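Worksheet: the structure to be examined is printed underneath.
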Amino acid sequence: NDNSMIYGSYSQGSKSGGFNDNPDAVSVLGTNIYAREQLNSLEVGYRGEFADGRVRLNGTLFDYDYEDFQARQFLAPGIAGTINTDAEITGAEIEFLAALSDNWLLSVNTAHIFDSSVDNITDALGLTRTRDMKQAPELQFNAYLQFTTEAFGGEFSAQVDYAYSDQYFSFLDNLGGGQVPSYDKMGASATWVSADDKWYVRGNITNLMDEEILISAFDFSAGSAYVQELYQ
């Protein structure tokens, strides 16, 4: 109807194959070629508006089924290569936006991964099993609250925001040293825009609580006895 809809979609996409150029990886795999990857994507969802358009709610369920997923893995200490295997991701996303008044706007978004699996992945210790997909936290959440008003001959807005990410692995081997812990982060900003839109002044703090946020970790402990960490 005019205010809501449900939908479903199915689509396919592919990524071309390629070559492993590391001679050691080719020696382990017995070939330097990996095949084309195909993604079968299924989505169902809802879109709705309420309160004369002042509130919006969107929800999506998705299933991504990969055939011949191009998985880059560590075949042995210091040796990485790409193989083809099966993989799947299922999850949901929800978006909520509300104009609380003429001055206040609230946005809340969340994403949840029910399952993310990649088959036949070998770590540097030689163990082969199904692994979690890399950089795929089970839960992500973000929200902001914004205030807007006319001021100083233009428009002034102030905003506070919050983001949370669950823990995730940086690489498909899922070794403990390569796991990024969960984190949350707050930010704030203030913006003034002139009435003719020719000038604006903006101040922004992206990490209000000065959190140390790890975003990637490379676990080289099996071969070189160290872990390399990258921070935001």
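What the table shows:
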read-out: Candidate aspartates and glutamates for bridging to Lys185, where Cα separation is under 15 Å - those fewer than 8 sequence places away on the same chain excluded; value: Asp161, Asp166, Asp210, Glu211, Glu212
read-out: Diffusion coefficient, µm² s⁻¹, Stokes-Einstein with Kirkwood Rh over alpha-carbon pairs of segment 179-232 at 37 °C and 0.692 mPa s; value: 227 µm²/s
read-out: Only Lys, Arg (+1) and Asp, Glu (-1) charged, at Cβ; segment 109-232 dipole about Cα centre in debye; value: 140 debye
read-out: Candidate aspartates and glutamates for bridging to Lys15, where Cα separation is under 13 Å - those fewer than 8 sequence places away on the same chain excluded; value: Glu37, Glu67, Asp68
read-out: Among Pro137, Ala25, Leu175 - extreme Cα towards positive end, dipole of the chain, charges at beta-carbon; value: Ala25
read-out: GluC sites (Glu not before Pro) lying in DSSP loop within segment 134-232, provided at most 14 other Cβ fall within 10 Å; value: Glu211, Glu212
read-out: Around Asn120: net Lys/Arg minus Asp/Glu count, Cβ-Cβ under 10 Å; value: 0
read-out: Within the accessible area of the chain (1.4 Å probe), percent carbon and sulfur; value: 52 percent
read-out: Segment 110-232, accessible area per residue, ligands and nucleic acids excluded (1.4 Å, Å²); value: 60 Å²
read-out: Accessible-area ranking of Ile215, Ile121, largest first, probe 1.4 Å; value: Ile215, Ile121
read-out: Accessible area (Å², 1.4 Å probe, nearest 10) - Phe218; value: 50 Å²
read-out: In segment 1-99, the trypsin sites (Lys or Arg not before Pro) that fall in loop regions by DSSP, at most 16 other Cβ within 10 Å; value: Arg36, Arg54
read-out: Among (i) 50; (ii) 24; (iii) 46, the entry that matches percent of Cα pairs over 30 Å apart as calculated here; value: (iii)
read-out: Solvent-accessible surface ranking, highest first, for Leu29, Leu125 at 1.4 angstrom; value: Leu125, Leu29
read-out: Top of Leu100, Leu214, Leu39 by mean-square fluctuation, Gaussian network on the chain, Cα under 10 Å; value: Leu100
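The values are calculated or read from the model by the stated rules, or taken from the named source; none is laboratory data. Here the structure is a predicted model, which is why all the values come from computation and not from measurement. Ideal geometry is used to build each Cβ from the backbone, glycine not excepted, and the neighbour counts take in all protein chains shown. The protein model used for the area step is the full one, side chains on, heavy atoms only, and it has no ligands, DNA or RNA in it. Shrake-Rupley method; radii C 1.70, N 1.55, O 1.52, S 1.80 Å.
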